[in-house]
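Everything below concerns the one structure shown next.
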Amino acid sequence: MDEHPTIVIDIAEPNDSEAGRKNGTPLPFAFPTVVKHLYTGDYSILGCETIFAIERKTIADLVASVTRERERFERELLRLRSMDFGRLLIVGAKRDIVEGRYRSKTNPLSVINTLAAFTVRYSSVMMEFAPDEAAAARKIEGWASWFFREKIIQHKAMMKGVGVTDIPVESIEANGKGSPSDSNAEQGARGGLEKKTQSAGDTEVEAK
């Protein structure tokens, strides 16, 4: 698949990085982007907003999230856990936390222990670090590409089972869950049934 999926940026995602400002987006994406409201996360794929979500945090955001904004953060993790693909992407290095390179006076060990507990509590939500904004953008684009590719393969197999072989990408993006609409599947199945019925009718006429 040569086409890149479109990255959806949440309308509330701040454009506060130097690399992002040069690109006109919060992160310097090479893929096409759109801005819209997301149910959860800061980034998704157009057409897959209800099954793919990535939450981005800076080190300062993360420290705040495991302390004074802990309840809100856990709600975010719960929503991410409901996704087919949910990730927590931290822009920075783990060493920054260990060495206390943030403004908060929170003990680094407290932050590390809380993250360890959340890793178990929300085990399906993987946490990954990216050293800078450019690396974060590449990670998101990589995840989006492979996720979208796998969905297309799955739906082509599903539609082939009901007699539909030509599935444009638009039919996948148009559906809220990143899959061809049920009506397409029904039409394909109905078309195959009509062909069989017509063939049986022709055979009956020839026999007479």
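Hey, if you put +1 on the Cβ of every Lys and Arg and -1 on every Asp and Glu Cβ in segment 7-150, which of Gly41, Ala144, Phe129 ends up farthest toward the positive end of that dipole?
After comparing all options, I get Phe129.
Taking H placed 1.01 Å from N in the peptide plane, check which residues at least 5 places from Phe129 or on another chain put their amide H under 5 Å from its amide H.
When sequence neighbours closer than 5 places are left aside, the close amide H contacts are Ile90.
Using only Cα atoms, locate the centre of segment 22-78 and the centre of segment 102-164, then give the distance between them in Å, rounded to an integer.
11
Residue separation times 0.36 nm, minus the C-alpha to C-alpha distance between Arg68 and Asp84: what's the value?
Gain in length upon complete extension: 2.9 nm.
Please give the length that would be gained between Lys22 and Met126 if that part of the chain were fully extended, namely 0.36 nm times their separation in residues minus their C-alpha to C-alpha distance (nm, one decimal).
Gain on extension, Lys22 to Met126, equals 34.5 nm.
Once you place label points 7 Å from the Cα toward the Cβ at Leu109 and Lys160, how far apart are they in nm?
5.7
For the pair Trp146/Ala60, report the inter-label distance in nm, with labels modelled 7 Å from Cα in the Cβ direction.
3.2
For segment 90-156, give the magnitude of the charge dipole about the Cα centre (Cβ charges: +1 Lys/Arg, -1 Asp/Glu; no others), in debye to the nearest 20.
120
Kindly state, to the nearest 0.05, the FRET efficiency for Ala117 paired with Ile153, given R0 = 45 Å and r defined as their beta-carbon distance.
So, using R0 = 45 Å, E works out to roughly 0.80.
Evaluate the relative contact order of segment 7-150 (contact order divided by residue number), counting alpha-carbon pairs under 8 angstrom at least 6 apart; express in whole percent.
24
Determine the percent antiparallel among the DSSP beta bridges restricted to segment 41-126, to the nearest 5.
The answer is about 10 percent antiparallel.
May I ask you to work out the translational diffusion coefficient for segment 1-126 at 37 °C, viscosity 0.692 mPa s, via Stokes-Einstein with Rh from the Kirkwood sum over Cα pairs, reported in whole µm²/s?
212
Using DSSP, restrict attention to beta bridges with both residues in segment 7-150 and report what percent are antiparallel, rounded to the nearest 5.
So the antiparallel bridges amount to about 20 percent of the total.
Bear in mind that the values in this text are calculations on the coordinates, not laboratory data. Note that the structure is predicted; figures quoted are calculated from it, not measured. Counting neighbours? That spans all protein chains shown, and the Cβs are built from the backbone with ideal geometry, glycine included.
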